[in-house]
Amino acid sequence: MTWDWNYTGEILPDLLNGLRVTVVATLLGYAIALVLGLAWTLLQRTPSRLVNGTVRWAAEFIRSTPLLVQLFFVFYVLPSWGLTLGPLTAGIIGLGLHYSTYTAEVYRAGIDDVPRGQWEAATALNLPRRRVWLGVVLPQAVRRVVPTLGNYLIAMFKDSPLLLAVNVVELLGAAYQTGSRTLQFLEPITIVGVLFIAVSVLSSLLVRRLERRYATY
């Protein structure tokens, strides 16, 4: 079996379009994970034992369930309850929901790492609770965990091929469709691997740069 460069040139636009879908799904899912993860964390710190206990149990349940099962639930089960989502929307929500439980733990670690003196100083100044969180605690906590949050972005990108299970034609899906149509899988699957490696390596270098930048903080 030899590499067909003409065939490679023909299929490359379709694969790049699949990469675009993968990147869009990853970035939007990541945005959901960041926002929802912070919400999980803050709710777990509320005085109400009912609220924080329920949220903690729900987050643990989601974190302990395979992502593929959650994608199937969002795409195939929710319609029976009257909520029908398109494949890409379901995939983005599934990715975001699953990874939000991991970003929640990252936020929690960052908040716990804020020096106690910062809390005491804010209390001594009689700052409103909202200002304590938005102006004192969260800026320091988020700054400390930026590199770790970046690692989850890479992990989400590498999990994106699972979206093929809910009919999202992302990078791997585009390669599979192309290979099925032409019965030539060497080129499309190899290109998929190369693109995943390239994006992952570039992202890893960025995360390492962030680690060095915040290492002395």
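Across segment 31-46, what is the number of residues that are in contact with a Gly (Cβ under 8 Å, 6 or more places away or on another chain) and open to solvent by less than 40 Å² (accessible area, probe 1.4 Å)?
1
Quick one: which helices (runs of 4 or more DSSP H) lie wholly within segment 95-190 and hold at least 2 residues that are modelled with pLDDT of 75 or more and either surrounded by 14 or more Cβ atoms within 10 Å (Cβ to Cβ) or of a type in the set (Val, Ile, Thr) (or both)?
Ranges flagged: 138-159, 171-182.
Given TRP3, TRP57, which one is assigned to a helix (DSSP H, G or I) and either touching an Asp or Glu at 6+ places or on another chain (Cβ under 8 Å) or on the phi < 0 side of the Ramachandran plot (or both)?
Just one listed residue meets the conditions, TRP57.
Can you say whether LEU28 is under 22 Å from the mean Cα position of the chain (by Cα) and either buried (at least 17 other Cβ atoms within 10 Å of the Cβ) or basic (Lys, Arg) (or both), as far as the supplied structure shows?
Spelling it out, LEU28 is indeed under 22 Å from the mean Cα position of the chain (by Cα) and either buried (at least 17 other Cβ atoms within 10 Å of the Cβ) or basic (Lys, Arg) (or both).
For segment 196-214, indicate whether the set of residues that are open to solvent by 50 Å² or more (accessible area, probe 1.4 Å), at negative phi and acidic (Asp, Glu) is non-empty.
Yes; the residues of segment 196-214 include at least one that is open to solvent by 50 Å² or more (accessible area, probe 1.4 Å), at negative phi and acidic (Asp, Glu).
Looking only at segment 62-92, how many residues end up being surrounded by fewer than 11 Cβ atoms within 10 Å (Cβ to Cβ) and of a type in the set (Ser, Thr, Tyr)?
2
Step by step: first the residues of segment 1-16, then only those that are among the hydrophobic types (A, V, I, L, M, F, W, C) and surrounded by 13 or more Cβ atoms within 10 Å (Cβ to Cβ), then the one that is farthest from the chain's Cα centre (by Cα). Which residue is that?
Looking at the filtered set, the residue picked out is ILE11.
The values are calculated or read from the model by the stated rules, or taken from the named source; none is laboratory data. All of these numbers come straight from a predicted model, not from anything done at the bench. Note that we place each Cβ from the backbone using ideal geometry, even for glycine, and neighbour counts take in every protein chain shown. Only protein heavy atoms, including side chains, enter the accessible area calculation; ligands, DNA and RNA are left aside. Shrake-Rupley method; radii C 1.70, N 1.55, O 1.52, S 1.80 Å.
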